[in-house]
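Student: Mind looking over this structure? Questions follow.
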Amino acid sequence: MATPSIRGRSAFLGGCVLSLPAYAHTGTGLAGGFLAGFAHPLSGADHLLAMVSVGLWGAFLGRPLVHLLPVVFPAMMVGGAMLGMFGAPLPSVESGIALSVLVLGLCIALAWRAPAWAAVAVVALFALFHGYAHGRELPAAADPVGYSSGFVLATGLLHVAGIALGLLCAQPVGKLVARGIGASIGVAGLCFLLKAVS
């Protein structure tokens, strides 16, 4: 009886994810402040899934990465945002964002116990792409500081949601569920990547 329930929940989750807009990075000149920034990461499945994946993979890897990855990502995202604000070139931004969802999903699905340096490098690299996309939007926003604050807070909460999901999946059966979630995220990332390159 438990298996159909898990499958049903997975199908529901997949349907919810696929019904979301694919990209959180399609608009420029965003108006507003804190609330607009807070809502923005929640409005695109690519950003949402990448943030949850960082927390989920960190929970799977354990200490110190469960704490380190959710700090590295926003820090590097700020660096990427500065590159975007100053117009520094960064090729294939949307492909890089889509690839982040694919790779992070696969890291979870394959239960890759990466060494700390490799996990940090993967997360830091993808954070640059996410930050860059939003950095291009910030200069035209009505309140860049408020918008950035809301955006970083929402990103942090998505990391925490991923960590909580990972901790709920700490039991052996739960680990299989977490790997299944990772596989679903990876498939979504592949779809995003195909859209980005087409």
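Rule-based calculations on the coordinates, nothing more; no lab input. Quick caveat: nothing in here was measured; it's all calculated off a predicted structure. We place every Cβ from the backbone using ideal geometry, glycine too, and count neighbours over all the protein chains shown.
Student: Give the residue list of chymotrypsin sites (Phe, Trp or Tyr not before Pro) in region 86-186 that are DSSP loop and have at most 11 other beta-carbon atoms within 10 angstrom. Before the final figure, lay out each step's value.
Tutor: Values: sites: Phe86, Trp112, Trp117, Phe126, Phe129, Tyr132, Tyr147, Phe151; in loops: Phe86, Trp112.
Answer by residue number: Phe86.
Student: If you take the beta carbon distance between Val145 and Ser92 as r and set R0 to 25 Å, what does 1/(1 + (r/R0)^6) give as a FRET efficiency, to the nearest 0.05?
Tutor: So, using R0 = 25 Å, E works out to roughly 0.30.
Student: Over region 31-197, what is the relative contact order in percent, taking alpha-carbon pairs closer than 8 angstrom and at least six residues apart?
Tutor: Relative contact order for region 31-197 comes out at 44 percent.
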